[in-house]
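Bear in mind that the values in this text are calculations on the coordinates, not laboratory data. Predicted, not measured: the structure shown is a model, and the values here were computed from it. In this analysis, Cβ positions are derived from the backbone assuming ideal geometry, glycine residues included, and neighbour counts consider all displayed protein chains.
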Amino acid sequence: SHHIRRNPGWIGFEADVVTYECWLDHCKYLKSLGDAEIASSQNLREGMYVPRERARNDLKAQNDATNFALRKRIYETQRIKNELDWQRLNMVKDMEKLHKEINALEKALENKKNAIKLVETRLENRLFRPGIECCRDEAAVGLEDELHELRETRANLMAQLDNAKATFNALEDQLVNIDRELHNKNHALSTDLRCLDLRRRLASGERGPPATQTDRNIQLTRLQDEIPPEP
């Protein structure tokens, strides 16, 4: 081999060369230092085990408490949302019924107005009868009584119509408030569900959606089974 060469001038080890006993003692000393470091490291690991497990248990307890609070809030939000949906459904039915009632009152009021015009016209025509024929007879008294009743009925219908419209307007305002509350509850419910799903993914180690369009296409077309892994 080219690493082997002849050295005819070698005369032996020099006097200051370390003896085998010194070398062995030094090796034992280094080994004792290494053993001491290993023991210290083991003691450190054992000493860190309890705090580490305590911290892990604390984190798990906090995670469980947070998830429980989220699930409880989701349940309460869903319950309130269902209640609002039920109220909205009944309110819409009441508004439809009230709208029909308003139309019926308006139609009845219009009929009463026409009837009042007819009676007023008949009474006015009696004023133009000639001579002795222009008298306040039984027929005229009957027309006057009918006119009085029609006017009272019209006043009652107008009051009922005003009350119905006021109730309808109040229901409309309440419906706007319910729709606003439903929008807020739907948004809160969606946010809490997404948060709970993200926490579940973090706990299970699942990754999020692919970052690039290429990765998304690979996942959607399941090409990852055909693409060889990188070396």
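Measuring r between the beta carbons of MET91 and GLU53 and using R0 = 45 Å, the FRET efficiency lands at 0.20. Placing dummy labels 7 Å off each Cα toward the beta-carbon, the span from GLU172 to LEU202 is 4.7 nm. Taking a quarter of the surface of the Cα convex hull of segment 20-201 gives a mean projected area of 17.8 nm².
With the simple model of a label 7 Å out from the Cα in the direction of the Cβ, ALA36 to ILE80 spans 6.6 nm. For the pair segment 58-96 / segment 158-186, the C-alpha centres are spaced 23 Å from each other.
Taking 15 Å as the cut-off, the amide N atoms of segment 72-115 that come nearer than this to a point 7 Å along the Cα-to-beta-carbon line of GLU149 belong to 112, 115.
In segment 32-122, the alpha-carbon atoms span a convex hull of 96 Å³ per residue.
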